[in-house]
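The values are calculated or read from the model by the stated rules, or taken from the named source; none is laboratory data. Bear in mind that the values here come from a model prediction, so they are computed numbers and not experimental data. Backbone-built Cβ (ideal geometry, glycine too); neighbour counts: all protein chains shown. The protein model used for the area step is the full one, side chains on, heavy atoms only, and it has no ligands, DNA or RNA in it. Shrake-Rupley method; radii C 1.70, N 1.55, O 1.52, S 1.80 Å.
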Amino acid sequence: MNVTQLLVVISFIVVLFTYKRHNTVHKIVLAILSVSLSCELLCVLFLYHGINISLIYSFNNIFHHSLWLWLFFKVIQRERWGIGILLLFIGYAIANLLLWEGMEKFNYNTFIFGSFLYLVFFIGESFFRLKKEDFGFFLSNNYLLIFAPVLFFFGLSMIFGFKSRALSETVIFGNTPLYTVIGYFINLVYYGLINYYMFKEKTLRHEH
């Protein structure tokens, strides 16, 4: 089990035991972690049997990005926008899977496009709230949650954008490649913020 897989397992357990069943946002977070955990378990199983895992990660990206986009628009209370953006992303992802990058290799462009959509709307909403001087939004626990995947989306998109295996496997120190160093750091921040959000939510519930 590598660092990322360990983070996924720990985060899934944390969310499972801290989420509130009647809270829609919490249920989406649990769904995100369930998708990530299922992906990692399937990859371990497929690798054990010598089966290519590219398609698993391609499908994982579709579900993972879709859930984050829906969570974002749910938090900012613009579900109608969310439906339109989801249809755009899923339509592109399916077309990319069937017509362009295909099922035989990892769909880099799907990951990048979904990340781009999330980052554009996240930055746009942040500037909108700043212009309105809605500082409470930035101090809220919900803002912490929608900020959680920002570095994950940005960092991995930068690596995937080059589509260069040689770059990803460039050794930084010892026998550790660039992708591993960046990937572990990004995932640590990503899952760390999700866990912090859930613990903070539980603390806020007890206070009320």
Exercise for review: Select from region 1-44 the residues that are among the polar types (S, T, N, Q) and farther than 11 Å from M198 by Cα and list them in ascending order.
Suggested key: N2, T4, Q5, N23, T24, S34, S36, S38
Review point. Looking at L47, L69, which is the one that is modelled with pLDDT under 95, over 17 Å from Y196 (Cα atoms), among the aliphatic types (A, V, I, L, M) and assigned to a helix (DSSP H, G or I)?
Key: L47
Exercise for review: From (1) within 30 Å of D134 (Cβ to Cβ); (2) touching a Cys at 6+ places or on another chain (Cβ under 9 Å), pick out the condition that doesn't hold for V8.
Suggested key: (1)
Study note, to complete from the structure: Among residues of region 170-201 being surrounded by fewer than 14 Cβ atoms within 10 Å (Cβ to Cβ) and β-branched (V, I, T), the residue modelled with the lowest pLDDT is I172
Exercise for review: Have a look at F89, F121 and point out the one that is open to solvent by 20 Å² or more (accessible area, probe 1.4 Å) and assigned to a helix (DSSP H, G or I).
Suggested key: F121
Revision key, fill the gap. Listed by first then second residue, the pairs whose first member lies in region 86-112 and is in contact (Cβ under 8 Å) with a residue 60 or more places away in the chain, whose partner is part of a helix (DSSP H, G or I), with beta carbons under 8 Å and at least 6 positions apart or on separate chains, are none
Point to revise | Filter pass, L130 being assigned to a helix (DSSP H, G or I), under 21 Å from the mean Cα position of the chain (by Cα) and over 17 Å from I56 (Cα atoms) | key: no
Revision key, fill the gap. Selection from region 40-53 of residues surrounded by 16 or more Cβ atoms within 10 Å (Cβ to Cβ) and either more than 22 Å from the chain's Cα centre (by Cα) or closer than 14 Å to N2 by Cα (or both) yields E40, C43
